[in-house]
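The values are calculated or read from the model by the stated rules, or taken from the named source; none is laboratory data. Because the structure is predicted, anything quoted here is derived from the model rather than measured. Positions of Cβ are generated from backbone atoms using ideal geometry, with glycine treated the same way; all protein chains shown enter the neighbour counts.
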């Protein structure tokens, strides 16, 4: 049998990146968290963390445990929510960029509402940098954002390659600059994409700038521009462009959770579990 308190401490270390921050997250002393890890290692007969410089990283066995541990804790949470007479209630304020909302929001809320029907969910769609500002002012309880420089207390949830996306009927005449539709100047994807374009030999022009994916998508579907998407979130009516397009490779991007400082809302905790489950998880060093 695996102890869920020990698994909770283990996952807190993975998510926060340190034993000290994990202890704060699970409201235990650092020595108690360390003891939980030692007990888990004794029970499993393997080492979960190995030293790396002044810190530690997950061992191969630790990496394997992450997915199992999350599923065990999610099952425990779901069972308590389904069977307890004291079901969650109240309100949770959730921030998500609208391009992520297009792909993930229905999946997240379907799970969350099924488990916690009495919780009112308020959703705000803004760019990641704006969501971080709203979080700092206490306007939001939790947000799913793209990692950007200067972002603090970020829990990675999924890592993916970015790809160029166009309509299947998109055609560019030889010698013409590539029309590109991107987010506003505050968008992390836009800055990343423009840096890659500037470093390449590709000729391009800005065809559209918008804060909203709802404005970019019709432009792309009308064959008037190309845009950028996570590789595993390309809409079925669009196609990812390969190296033969002449466009530069875009590299990797990471999305994850940020929480309001000092917010220990059970509803936000439950929503975080649904986000991790719906969006996926990324391999991380502790």
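When residues of the range 213-223 are filtered for being exposed (fewer than 15 other Cβ atoms within 10 Å of the Cβ) and either touching a helix residue (DSSP H, G or I) at 6+ places or on another chain (Cβ under 9 Å) or in contact (Cβ under 8 Å) with a residue 24 or more places away in the chain (or both), how many remain? Write out each step before concluding.
Step one: of the range 213-223, the residues exposed (fewer than 15 other Cβ atoms within 10 Å of the Cβ) are 214-215, 218, 222.
Retained after the next criterion (residues that are either touching a helix residue (DSSP H, G or I) at 6+ places or on another chain (Cβ under 9 Å) or in contact (Cβ under 8 Å) with a residue 24 or more places away in the chain (or both)): 214, 222.
Of the residues in the range 213-223, 2 are exposed (fewer than 15 other Cβ atoms within 10 Å of the Cβ) and either touching a helix residue (DSSP H, G or I) at 6+ places or on another chain (Cβ under 9 Å) or in contact (Cβ under 8 Å) with a residue 24 or more places away in the chain (or both).
Can you pull out every residue in the range 129-149 that is in contact with a helix residue (DSSP H, G or I) (Cβ under 9 Å, 6 or more places away or on another chain) and either part of a loop (DSSP other than H, G, I, E, B) or at pLDDT 90 or above (or both)? Spell out the reasoning first.
Initially, the range 129-149 is screened for residues in contact with a helix residue (DSSP H, G or I) (Cβ under 9 Å, 6 or more places away or on another chain), giving 129, 139-149.
Passing the criteria: 139, 140, 141, 142, 143, 144, 145, 147, 148, 149.
Kindly indicate whether residue 145 is at negative phi, assigned by TED's automatic domain parsing to the domain that holds residue 242 and buried (at least 20 other Cβ atoms within 10 Å of the Cβ).
Values: at negative phi: yes; assigned by TED's automatic domain parsing to the domain that holds residue 242: no; buried (at least 20 other Cβ atoms within 10 Å of the Cβ): yes.
Considered against the rule, which asks whether it is at negative phi, assigned by TED's automatic domain parsing to the domain that holds residue 242 and buried (at least 20 other Cβ atoms within 10 Å of the Cβ), residue 145 comes out as no.
Testing residue 117 on (1) in contact (Cβ under 8 Å) with a residue 60 or more places away in the chain; (2) assigned to a loop (DSSP other than H, G, I, E, B), one condition comes back false. Which one is that?
(1)
Mind listing just one residue for me: the one in the range 178-200 that is modelled with pLDDT of 80 or more and part of a loop (DSSP other than H, G, I, E, B) and, of those, farthest from residue 222 (Cα to Cα)?
Going through the qualifying residues, I end up with 199.
Which of the numbered conditions does residue 271 fail, given that it passes all the others? Conditions: (1) at pLDDT 90 or above; (2) buried (at least 17 other Cβ atoms within 10 Å of the Cβ); (3) closer than 24 Å to residue 175 by Cβ.
Answer for residue 271: the failing condition is (3).
Going residue by residue through the range 16-39, is there one that turns out to be in a loop (DSSP other than H, G, I, E, B), within 26 Å of residue 280 (Cβ to Cβ) and at pLDDT below 90? Even if it seems obvious, please write down each step before you answer.
Of the range 16-39, the ones in a loop (DSSP other than H, G, I, E, B) are 17-18, 27-29.
So of that shortlist, the ones also within 26 Å of residue 280 (Cβ to Cβ) come out as 17-18.
When the remaining residues are screened for being at pLDDT below 90, the result is 17-18.
Yes, the range 16-39 contains at least one residue that is in a loop (DSSP other than H, G, I, E, B), within 26 Å of residue 280 (Cβ to Cβ) and at pLDDT below 90.
Exactly one condition in (1) in a strand (DSSP E or B); (2) at pLDDT below 85; (3) more than 25 Å from the chain's Cα centre (by Cα) is false for residue 50; which is it?
(2)
For the range 150-170, does any single residue satisfy the condition of being at pLDDT below 90, in a loop (DSSP other than H, G, I, E, B) and farther than 30 Å from residue 267 by Cα?
Within the range 150-170, not a single residue is at pLDDT below 90, in a loop (DSSP other than H, G, I, E, B) and farther than 30 Å from residue 267 by Cα.
Filter the range 117-138 down to residues that are at negative phi and out of contact with any strand residue (DSSP E or B) (no Cβ under 7 Å at 6 or more places or on another chain), then give me how many there are. Working first, answer last.
Residues of the range 117-138 at negative phi: 117-137.
Retained after the next criterion (residues that are out of contact with any strand residue (DSSP E or B) (no Cβ under 7 Å at 6 or more places or on another chain)): 117-118, 125, 127, 129-130, 133, 136-137.
The qualifying residues number 9.
Could you please find all residues in the range 189-212 being touching a residue at least 60 places away in the same chain (Cβ under 8 Å) and touching a helix residue (DSSP H, G or I) at 6+ places or on another chain (Cβ under 6 Å)? Before the answer, list the steps.
The initial filter retains those residues of the range 189-212 that are touching a residue at least 60 places away in the same chain (Cβ under 8 Å), namely 189, 192, 211-212.
Once the filter is applied, which keeps residues that are touching a residue at least 60 places away in the same chain (Cβ under 8 Å) and touching a helix residue (DSSP H, G or I) at 6+ places or on another chain (Cβ under 6 Å), the range 189-212 yields only 212.
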